[in-house]
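Values in this text are rule-based calculations from the coordinates and carry no lab data. Computed from a prediction, not measured in an experiment: that's the story for all the values here. Heads up, the Cβs are rebuilt from the backbone with ideal geometry, glycines too, and the neighbour counts pull from every protein chain shown.
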Amino acid sequence: MAPAEHDALRAPATPAAQPTSDARRARRVDPFVALGTAVVALGLLLGLPPLDAAEPDTAGLALRAAAPFTVPWAVLALGLLAQSAALLAVRRAARSTLVVVAAIPVVVAGLAPASADLFDLTALPIAVAVVLTAARVPLVRLWPALVTAAVLVVVGEGALATNASGSADGLTGALGQGVLQAVGAVGLPLLVTLVVLSRREVRVARTAEASAVNREQDALVDAAVSRERAAMARELHDIAAHHLSGIALMAAVIDRQIDADPERAHEGARQVREQSTAVLEDLRRLVGLLRDDAPAERAVETVAGIVDLVERARFRSDVRLDVLPGDRPLADGVGPLAQLAAYRTVQEALANAALHAPSAPCTVTIDDRDATRVVIRVENAPATVPAAGTSPSGGNGLRGMRERADLVGARLQTGPTATGGWLVELALGREAPAAPAQTADGTGVVA
């Protein structure tokens, strides 16, 4: 056998070729339903006459029923067996099966009018056929078969009465009895089946709704995890870009000064140690935020902290600070999250300036004079020496700046200057001041 043929034989069948679980279950259950219907119908056919004859008060049924194993009795028994056997085809042709099961009693009524009251046993297979058919076919497509089955039930009762009496005198009463028989054999089973199906659909809908809620919760958790991962990535990038880029530049300077200017090289080594300690502290603080066994303490950076940030940056490059104060405390009215975004933006801008323009002077300006906003600018001059090579993941710094600015509703502008340098400008809006409260003498006091 060729390998392709061997794999084809081992491959599972496609979903379209495999029967559904409901079809397989129906294929196993249908024979038992048909067999149970036949056993119950024949059991009643054999048991009702002796039971009725044993009752001393009433002997009507025994007088009107055909004797067991006579021709009329055999015709009725064969009719019941034929109805039960027809139920085996309900899975392949549900509507046709229902019509056939309802039509067989009409033939029995014409061949064996002496069956009399036991003829009502033919309603049992009809009721079973209605239940099986209604469970498989939508009502909008089933109603012609249901109407036909009900009409056949009425016709069977009428044919039985006409053949039994030999005249049409009792036809009216037989038709009324046939209508009641149709309601009991077709209407009631249909109603019960529809109620059961509706309850099952409600249960399935509730299960689907619960599954949808679970999927929605999982999606929300995944989104929250993604946001936290993005925030962690920004923090790690800010820490690594600021400190490690400074360490790398100072190490390069130390390498050039270690022979020519040992004193300056020792000073640079001390600065490298300070920067390494700082990055370890920042990483330890970030890891502490992720721990569950102990509360983590974290100092929130502010606009005022930019002063210390610039002082530390002066150890590795030429950085100047220009603060333009207003008539209020520095960055008054700016929320803590916005101040943290400003601090990280300046930190990232200084790291980028040290990386791409290592020898160029850089100026950090904090303009706090406007009553509605605080503007922070980081501008570096053109580079005078070639910049170090960038990593393949370059561009994450600017992306992180924009994400932070969008998060706090700030305005960020980045781009080259007219002189060939680079400018990063962040404008932070101030929060609205509290409304003044009126005192008893009518003067306004800020709440």
Which ³J(HN,Hα) values, rounded to whole Hz and listed in residue order, are derived for segment 328-341 from phi using the Karplus coefficients 6.51, -1.76 and 1.60 in 6.51 cos²θ - 1.76 cosθ + 1.60 with θ = phi - 60°, glycine and proline given as x?
-> 8, x, 4, 6, 5, x, 9, x, x, 5, 5, 5, 5, 4
Projected label distance in nm at His356 and Val375, using a 7 Å step from Cα toward the beta-carbon | 2.1 nm
Rounded to whole Hz, the Karplus (6.51, -1.76, 1.60) HN-Hα couplings of segment 205-220, x for glycine and proline = 5, 5, 5, 5, 5, 5, 5, 5, 5, 5, 5, 5, 4, 5, 5, 5
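Relative contact order for segment 96-161 using alpha-carbon pairs under 8 Å, separation at least 6, rounded to a whole percent?
Details: 49 pairs, mean separation 40.6, N = 66.
In percent, rounded to a whole number, it is 62.
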With x for Gly and Pro, the residue-by-residue ³J(HN,Hα) of segment 358-375, computed from phi through the Karplus equation 6.51 cos²θ - 1.76 cosθ + 1.60 at θ = phi - 60° and given in whole Hz, is x, 9, 8, x, 9, 10, 10, 10, 10, 9, 10, 7, 6, 6, 10, 7, 10, 10
Taking neighbour counts of Cβ atoms within 10 Å as a proxy for exposure, in what order, fewest first, do Val101, Val33 appear?
-> Val33, Val101
Tally Lys and Arg at +1 and Asp and Glu at -1 over the other residues with C-beta under 15 Å from the C-beta of Ala129: what net charge comes out?
-> +3
Among Leu423, Leu76, rank each residue by its count of other Cβ atoms within 10 Å, from fewest to most, as a rough exposure measure.
-> Leu423, Leu76
If amide H atoms are built 1.01 Å from N in the plane of the peptide, which residues on other chains or at least 5 residues away come under 5 Å of the amide H of Arg373?
-> Arg430
What distance in nm separates the simple spin-label points at Val195 and Ala224, each placed 7 Å from Cα in the Cβ direction?
-> 4.4 nm
Rank these for me by crowding, Ile258, Ile306, going from fewest to most other beta carbons within 10 Å.
-> Ile258, Ile306
The answer for the net charge of residues other than Pro105 whose Cβ lies under 13 angstrom from its Cβ, with Lys and Arg +1 and Asp and Glu -1, is -2
